[in-house]
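**Q** Dropping the structure in here first, questions after.
The values are calculated or read from the model by the stated rules, or taken from the named source; none is laboratory data. As the structure is a prediction and not an experimental result, all values here were calculated from the model. FYI the Cβ positions are ideal-geometry reconstructions off the backbone, even for glycines, and counts take in every protein chain you see. When the accessible area is computed, the model is the full protein with side chains, heavy atoms only, and any ligands, DNA or RNA have been set aside. Shrake-Rupley method; radii C 1.70, N 1.55, O 1.52, S 1.80 Å.
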Amino acid sequence: MKYEDKNCCGFIVGLALAALLPHHTAIGAQAPVGLGAAGNYAILAKTGISTVPPSVVTGDIGVSPIDSTALTGFSLILDSTTRFATSTQLTGNAYAADYSAPTPANLTTAVSDMETAYTDAAGRTLPDHTELGTGDIGGMTLAPGVYKWGTGVTIPTDVTLSGGPNDVWIFQIAGNITIASNKRVNLSGGAQAMNIFWQIAGGVGVTIGTGAHFEGIVLAQKAIILNTGASINGRLLAQAAVTLDANTVTAVSPGLRLLSAPVVTGPYADAAAQSINLAAKTITVPQSGNAQFYCIWSDTALHITNITLSGGNVVIIYN
């Protein structure tokens, strides 16, 4: 069960106080790409999601602007509310643009946020590495940072992403990405799939080979194809279709995250560029606007106890 602190704490910055706050600019390490409402879905697509059973998807799936006829292979059972459907292949719900309110509006927001996240990832400047391996990253161990290619990328042998739990990887790929059959993207040093972003601009998109394993958030301008038995820890966010074939898709969640909204009634979405310190029980986010409201979303019952300002950041303390 997930818990959300309904006693959201408001945060208001007065003009006099705001004038005293220095401008905060992140230097060095990259901030994660904010997914907004798109982060509520394990799979989100604009033109359809299909599966050859049995796939195992942990998390919600959604399609928009296409309707529910584009959700195929799931043997969906429409809920009595007609807001979502269920499937034995889903630990979660299926949503489509033709289901009852508020589903269509929620999906419109999620798709817009998906496109915004794609643009954000594509727009990160000053890459740490350009044209690494001329697009072949098989066998490499990759440190955190921004990687940019003007071509496609292939993973013919296992690749490892090595870094800490708050480190971020952003891969900007102008072509397609393909991982060979039975190969893996491995994580080491505490690296987390929720901090790995693959921005794919290619006309085919993403192909994950038979039995291969992938890690991270996939932001594809086109399609995402998982071949038989492939798996991913992350999210599949496609501006075209997602095709499954007896796959395992597990939506990554930090187990704890901060939600924010400009008004207390919401809607709430993941706060951008949040940094969580589990030991100190604090969450730090950049200051945003003159008023912002926050809620905790977690695997256990937690509550916000204090909110302070520090160096242009908002520091949330919880217990």
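**Q** Can you name the residue in the stretch 201-256 that is open to solvent by less than 40 Å² (accessible area, probe 1.4 Å) and among the hydroxyl-bearing types (Ser, Thr, Tyr) and is also nearest to the chain's Cα centre (by Cα) among such residues?
**A** By that ranking, first place goes to SER231.
**Q** TRP297 is checked against (1) modelled with pLDDT under 95; (2) under 18 Å from VAL33 (Cα atoms) and fails just one. What number does that condition carry?
**A** Of the numbered conditions (1) modelled with pLDDT under 95; (2) under 18 Å from VAL33 (Cα atoms), the odd one out for TRP297 is (2).
**Q** Given (1) open to solvent by 50 Å² or more (accessible area, probe 1.4 Å); (2) within 20 Å of the chain's Cα centre (by Cα); (3) not hydrophobic (A, V, I, L, M, F, W, C), where does THR88 come up short, assuming only one miss?
**A** Unmet for THR88, out of (1) open to solvent by 50 Å² or more (accessible area, probe 1.4 Å); (2) within 20 Å of the chain's Cα centre (by Cα); (3) not hydrophobic (A, V, I, L, M, F, W, C): (2).
**Q** Going through the stretch 166-187 one residue at a time, which ones are among the small types (Gly, Ala, Ser), in contact (Cβ under 8 Å) with a residue 40 or more places away in the chain and farther than 22 Å from THR228 by Cα?
**A** GLY175
**Q** Ok, one more. May I ask you to list the residues in the stretch 125-135 that are open to solvent by 40 Å² or more (accessible area, probe 1.4 Å) and either assigned to a helix (DSSP H, G or I) or at pLDDT 95 or above (or both)?
**A** The answer is PRO127, ASP128, HIS129, THR130, GLU131, LEU132, THR134.
**Q** Next question. Out of the residues in the stretch 70-85 that are open to solvent by 50 Å² or more (accessible area, probe 1.4 Å) and part of a strand (DSSP E or B), which is nearest to LEU244 (Cα to Cα)?
**A** This residue is THR72.
**Q** For TYR95, all conditions in the list (1) touching a Lys or Arg at 6+ places or on another chain (Cβ under 6 Å); (2) assigned to a strand (DSSP E or B) hold save one; what is the number of the exception?
**A** (1) is the only condition that TYR95 fails.
**Q** Can you name every residue in the stretch 193-209 that is under 17 Å from LEU236 (Cβ atoms) and not in a strand (DSSP E or B)?
**A** ALA193, MET194, ASN195, ALA201, GLY202, VAL204, GLY209
**Q** Could you tell me whether TYR95 is among the hydroxyl-bearing types (Ser, Thr, Tyr), crowded, with 18+ Cβ neighbours inside 10 Å and more than 21 Å from VAL56 (Cβ to Cβ)?
**A** no
**Q** Hey, another quick one. If you check ILE173, ILE196, which single one turns out to be farther than 20 Å from ALA271 by Cα, crowded, with 22+ Cβ neighbours inside 10 Å, among the β-branched types (Val, Ile, Thr) and modelled with pLDDT of 95 or more?
**A** Result: ILE173 is the single residue among ILE173, ILE196 that is farther than 20 Å from ALA271 by Cα, crowded, with 22+ Cβ neighbours inside 10 Å, among the β-branched types (Val, Ile, Thr) and modelled with pLDDT of 95 or more.
**Q** For the stretch 257-280, enumerate the residues that are open to solvent by less than 60 Å² (accessible area, probe 1.4 Å), over 18 Å from TYR318 (Cβ atoms) and over 15 Å from the mean Cα position of the chain (by Cα).
**A** Correct list: GLY266 only.
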